[in-house]
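Shown next, in structure tokens, is the structure this report addresses.
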Amino acid sequence: SGVLFSEGLRSCGVMVLVNPQSGWGQATALYNSHIQRMLTEADIPHTLVITERQNHAREMVRNADLTQWDALVILSGDGLLFEVVNGLMDRPDWEKAIQTPVGILPGGSGNALAASVHHYTRKPQVWGEDLLVSCGFVLCKGLTSKLDLISVHLSSGVRLFSFLSIAWGFVADVDIESEQFRLIGPFRFIVGTLVRLASLRTYRGKLAFLPATDNLETDVSQAQQTHNNRASNKSSEHNPSEHKRLVDHLLVPLDQPVPQSWTVVEEQEFVLVVAMFQSYLGEDWLVAPSAFTDDGVIHLFYMTAGISRPTLLRLFRAMQSGTHMECGCPHLVYRRARALRLEPETRPGIITVDGEQVEYGPLQAQAHRGVARLITG
Ligand code: ADP
Ligand code: MG
């Protein structure tokens, strides 16, 4: 961890990116009513940037002079930070760029990272404006932690970077179907859940993962073997641009079977699969209470077919306080992993990464411990 606003480093301040369309369109008003005053009182120089369209933030961050900014802060839902993180990773100087601290203020309908940041302060759960004020204080204190990024490969060859979650099945369907209820803010997920519950279905596919042992070093040295085996099969080592990428040493190509050290899940009929990288999946869903910013762990949850509606409803309610694993439901499984592969067979379908819909099909992912920096309390 580190401190953001040390003496002498104050000249440039923070860029506050606002998505005026997020949630019910309240983010700009929240800036005016709370954030501007908090930053001014804390004597933190800041510049407001309002995005004009999707991917505007990503393009801006890709081309920005980052020496000008102490931090990039977003006041929106998680989707705008997803743009910022991927904009930083798009850059030829990504290794340095991704060290730029990023901060989050809840201004959208999906405020999972903001809820997680508040959770890491160990203060009692809050919602809405109280969550905004809490995250505002965290920002003014200006402490940073390392943040894991999860490298995600889609079957088209697209690679993206995730800080929050990968979802398929029930949760992904709710996230996207509830877009129509965005006027009610975070409540859209509750309404969406009830609607989906009424038409409960299952999703067929294959799931595999590399288990995380308690010892990260063992996992890394095993991974090194996978990577060495791959490297000896390819002669890409003389390609200079290859060295400059963040290498996914745990993964083999999607068209090859997963390595021996992986666990292949026997069940192939699911209600949901969610890979969590932070504690909260939404402002009200404490899915992975033990997760923290840079644990290097993929907290993998899956629910297998055969679960009844009442049990499912009970589990979702328990998730609000993070007690769902205490219900002892045999259909809900939790595993800690370093990497995973998901091959959906049910078509059509929805997959989300950090709440954003991505191309539907096989994907794989691996955690990279602490490669980014997040403003935390
Ligand atoms: P919410 O939590 O309400 O979904 P997000 O911050 O996740 O809010 O933003 C939702 C979507 O809007 C994201 O896909 C994001 O990339 C996109 N977006 C960002 N800026 C704009 C804009 N100015 N107009 C429209 N969409 C935008
Ligand atoms: Mg969103």
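The values are calculated or read from the model by the stated rules, or taken from the named source; none is laboratory data. None of these values were measured; they are calculated from a predicted model. Note: ideal-geometry Cβ built from the backbone for every residue, glycine included; neighbour counts use all protein chains shown.
Brief remarks follow.
- Considering the stretch 334-353, and only residues there that are part of a loop (DSSP other than H, G, I, E, B) and charged (D, E, K, R), the residue that is surrounded by the fewest Cβ atoms within 10 Å (Cβ to Cβ) turns out to be Arg347.
- Residues that are closer than 17 Å to Ser279 by Cα and within 16 Å of ligand 1 (Cβ to nearest atom) occur in the stretch 132-143; there is at least one.
Residue-wise test of (1) touching a Gly at 6+ places or on another chain (Cβ under 7 Å); (2) surrounded by fewer than 16 Cβ atoms within 10 Å (Cβ to Cβ); (3) assigned by TED's automatic domain parsing to the domain that holds His118; (4) on the phi < 0 side of the Ramachandran plot.
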residue: Ala288; (1), (2), (3), (4): no, no, no, yes
residue: Cys327; (1), (2), (3), (4): no, yes, no, yes
residue: Leu332; (1), (2), (3), (4): no, no, no, yes
residue: Gly355; (1), (2), (3), (4): yes, no, no, no
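- Long-range neighbours under 9 Å by Cβ, at least six apart or interchain, first residue without any contact (Cβ under 8 Å) to a residue 40 or more places away in the chain within the stretch 352-377, second aliphatic (A, V, I, L, M) and buried (at least 23 other Cβ atoms within 10 Å of the Cβ): Tyr360/Ile351
- Within the stretch 117-131, the set of residues being within 14 Å of ligand 1 (Cβ to nearest atom) and buried (at least 20 other Cβ atoms within 10 Å of the Cβ) comprises Leu131 only.
- When Gly377 is tested against (1) at pLDDT below 95; (2) not in a loop (DSSP other than H, G, I, E, B), just one condition goes unmet, and that condition is (2).
- The stretch 343-371, residues that are over 11 Å from Ile150 (Cβ atoms) and either within 16 Å of ligand 1 (Cβ to nearest atom) or among the small types (Gly, Ala, Ser) (or both): Gly349, Ile350, Ile351, Thr352, Gly355, Glu356, Gln357, Val358, Glu359, Gly361, Gly370
- Counted as qualifying within the stretch 182-280 are the helices (runs of 4 or more DSSP H) with 2 or more residues that are more than 30 Å from Ile375 (Cα to Cα) and at pLDDT 90 or above, namely 187-198.
- Whichever residue in the stretch 73-95 is touching a strand residue (DSSP E or B) at 6+ places or on another chain (Cβ under 7 Å) and in a helix (DSSP H, G or I) and, among such residues, is nearest to ligand 1 (Cβ to nearest atom): Gly79
- Residue match in the stretch 364-371 (condition: within 27 Å of Glu95 (Cβ to Cβ), assigned to a strand (DSSP E or B), among the β-branched types (Val, Ile, Thr) and away from ligand 2 (no atom under 16 Å from the Cβ)): yes
- For the stretch 37-57, residues that are within 15 Å of Ile74 (Cβ to Cβ), away from ligand 1 (no atom under 16 Å from the Cβ) and surrounded by fewer than 17 Cβ atoms within 10 Å (Cβ to Cβ) total 1.
- Residue check, Gly108 closer than 30 Å to Phe189 by Cα, within 14 Å of ligand 1 (Cβ to nearest atom) and at pLDDT below 95: yes
- Condition broken by Arg309, with the remaining ones in (1) surrounded by fewer than 20 Cβ atoms within 10 Å (Cβ to Cβ); (2) free of Cβ contacts under 8 Å to residues at least 40 places away in the same chain; (3) under 25 Å from Thr202 (Cβ atoms) satisfied: (2)
- Matching residues, the stretch 95-135, being among the aliphatic types (A, V, I, L, M) and within 25 Å of Asn32 (Cβ to Cβ): Val102, Ile104, Leu105, Ala112, Leu113, Ala114, Ala115, Val117, Val126, Leu131, Leu132, Val133
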